[in-house]
Amino acid sequence: MASYDHLYIDGQWVRPLRGGTFETFDPALETLLAQVAAATAEDIDLAVRAARRAFDEGPWPRQSGAERATVLRRIAATIRERQQQLAELEVRDNGKPLPEALWDIGDAAGCFDFYADQAERLDRDRERAITLSDARFSAVARQEPIGVAGAIIPWNFPLLMAAWKVAPALAAGCTLVLKPSELTPLTALELADICHQAGLPAGVLNVVTGLGAEAGAPLAEHPDVDKLAFTGSVPTGSRIMQAAARDIKNISLELGGKSPFVIFADADLEAAVEWILFGIFWNQGEVCSATSRVLVQRDLYEPLLQRLAQEAQRITIGPGLESGVLLGPLVSRGQHEKVLAAIARGEEEGARLVTGGRRPTQLPTGYYVQPTVFADMAEDSWIWREEIFGPVVCVRPFDSEAEAVRSANDSRFGLAAAVMSRDLDRCERVARALRAGIVWINCSQPTFTEAPWGGYKQSGIGRELGEWGLQNYLETKQITRYDSDQPWGWYIK
Ligand code: NAD
């Protein structure tokens, strides 16, 4: 059984050395959900040392991919068996509607299955012969696990973000220390229990809950960590990069976004409204790839705003466990205040508030924000340029394709983008012109474990998911052999 006031280190549930805890809350009820173990630098050191021992001496990195795949598939199966319980726990901790949480947990299981296949593929592809320009030599390129990984994750998809890092790291043969967000730590502790039951050797996965400064920073700075995999905000990503710089740690960063959605006038109006809604209100807009900047070609602009407002107002808001709810509370009081402050700033800047913008009054408790649509803001306004991470979409008109591409690319972020038109040639052309790591055509948000995920510009470094996700946790070694029976003959003639 997972124990929320314990850390999972070296295959055991242990109390933090300083005995501290922090609180996690149910954002619909605004009540205490659990007291959670607060790790500090001493606990992080124990966890990293356990991971180091498991990497240097333990069986996991030395097993075949097929052997590791068996454990990964057991983890996937147990996540599926416990899908309902895990999803309900995720709703209580994060606030999201239950059907979305069920989707996340199913995806997390799928991620472990996918990387089980990748672990088996490694057995086939681990070494590849290289043809050299000098026939006296032969060489192979070999892939080996990178070592001890430190994984630090955010609160918006708690178990899924853990799976995106834990599954490929385990498939590669790495060992790791996972630090979930202090706002949603519970399902990561459940994952530790699931991995334990699945027979993962002690020390291979360690889960340490705690605050960013007290637990995250010492993990990022620990000299025995070989690789840092981080998902979160740009400012924290920058701090992680600085911490990694000292020891030249390998890093991958998945950061924020303000992703554009370009909609041409020939698009189907109903489809456009549906995908805009899905692109910004799914998961309360607390989605790194949310298409929160919508560019609409002038002829469709006003009709689209009108339909969008109608449909946004029809979205059922309420506690995530209530049936029919499509928009739950935001994750925390702090996030609620941040999003309401962003809306106030948009109004001060003179953007037109088309709908929403307030806390719904009919709900007695909970960090709710109405689905919010802003229009007509200036291109250099704060609300158009900065990530809000809430159910707030900004809409602007455009005239030409060139203008839409320029405006879409005019951002320090480059995580995702979307384009919609009945003209598929135009969609394909625009997709290639958009400076983003993920581009959706005639949709927004569907995410597949098989395809690469990550950002251009300040949205990050590296790619997760698919075969790219596995590469994050692999080193490439060349082994070159002198095959000739002739002496080398440089010094000794
Ligand atoms: P955050 O940066 O505040 O926190 C992320 C994690 O970092 C948490 O576990 C936190 O405890 C830890 N942390 C905080 N300070 C730290 C420090 N000094 N050293 C080490 N670790 C530290 O981000 P958040 O508020 O949890 O998440 C929201 C952000 O995450 C948004 O900007 C969003 O766009 C981004 N995000 C990106 C993706 C992606 O795939 N690109 C996915 C989800 C979220």
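Worth a mention:
- Angle of helix 186-197 to the longest C-alpha principal axis of the chain, folded into 0 to 90 degrees and rounded to 10: 30°.
- Label positions at ARG15 and ARG412, each projected 7 Å from the Cα along the C-beta direction, are separated by 4.4 nm.
- Counting lysine pairs in the chain that sit 8 or more residues apart in sequence, or on different chains, and whose Cα atoms lie under 25 Å apart gives 21.
- Loop-located GluC sites (Glu not before Pro) in segment 401-493 (DSSP state other than H, G, I, E, B) with a sparse environment of at most 16 neighbouring Cβ atoms within 10 Å: GLU450.
- C-alpha long axis of helix 158-172 to longest principal axis of the chain, angle in °: 20
- For the peptides 334-341, 150-157, the ranking by mean Cβ contacts within 10 Å, running from highest to lowest, is 150-157, 334-341.
- Stretching ALA66 away from THR365 to a fully extended chain increases their span by 102.7 nm, per 0.36 nm per residue minus the current alpha-carbon distance.
- Using only side-chain charges placed at the Cβ, +1 for Lys and Arg and -1 for Asp and Glu, the dipole size of the chain relative to its Cα centre rounds to 900 debye.
- One decimal place: the segment ILE492-ASP247 gains 84.1 nm when fully extended, by the rule 0.36 nm per residue minus the C-alpha distance.
- Between the listed residues ALA267, SER411, VAL369, the Cα displaced farthest toward the positive end of the dipole of segment 260-441, a dipole computed from Cβ unit charges relative to the Cα centre, is found at VAL369.
- About its Cα centre, segment 260-441 has a charge dipole of approximately 460 debye under the convention of +1 per Lys or Arg Cβ and -1 per Asp or Glu Cβ, with nothing else charged.
- One Cα centroid belongs to segment 422-493, the other to segment 256-296; the line between them spans 27 Å.
- Cα shape, segment 260-441, gyration tensor, a/c 1.5 rule: prolate
- Across the chain, Cα pairs under 8 Å and at least six residues apart give a relative contact order of 18 percent.
- Split the accessible area of the chain by element, probe 1.4 Å, and carbon with sulfur accounts for 52%.
- In the chain, the longest principal axis of the Cα atoms and the axis of helix 424-433 are about 60 degrees apart.
- Listed residues GLN143, PHE112, ALA129: farthest to the positive end of the dipole of segment 81-164 (Cβ charges): ALA129
- Per residue, the chain exposes 40 Å² of accessible surface when a 1.4 Å probe is rolled over the protein heavy atoms with every protein chain present.
- GLN85/ARG432 FRET efficiency (R0 56 Å; Cβ-Cβ; nearest 0.05): 0.80
- Whole-angstrom gap from segment 311-371 to segment 72-131, using each part's C-alpha centre: 31
- A simple charge model with +1 on the Cβ of Lys and Arg, -1 on the Cβ of Asp and Glu and nothing else charged puts the dipole of segment 357-493 at about 240 debye relative to its Cα centre.
- In sequence order, calculated HN-Hα J values of segment 130-140 (Karplus, 6.51, -1.76, 1.60; Hz; x Gly/Pro): 10, 7, 9, 7, 10, 5, 6, 10, 10, 8, 10
- The stretch between PHE448 and SER133 holds 109.4 nm of extra length on full extension. This uses 0.36 nm per residue minus the Cα-Cα distance.
- 5 angstrom amide H check on ILE146, placed H, neighbours 5+ away: LEU474, GLU475
The values are calculated or read from the model by the stated rules, or taken from the named source; none is laboratory data. Remember, predicted model here, so these are calculated numbers, not experimental data. So basically every Cβ, Gly included, is an ideal-geometry build from the backbone, and we count neighbours across all protein chains shown. Heads up: the accessible areas ignore ligands, DNA and RNA and are worked out on the full protein's heavy atoms, side chains in. Shrake-Rupley method; radii C 1.70, N 1.55, O 1.52, S 1.80 Å.
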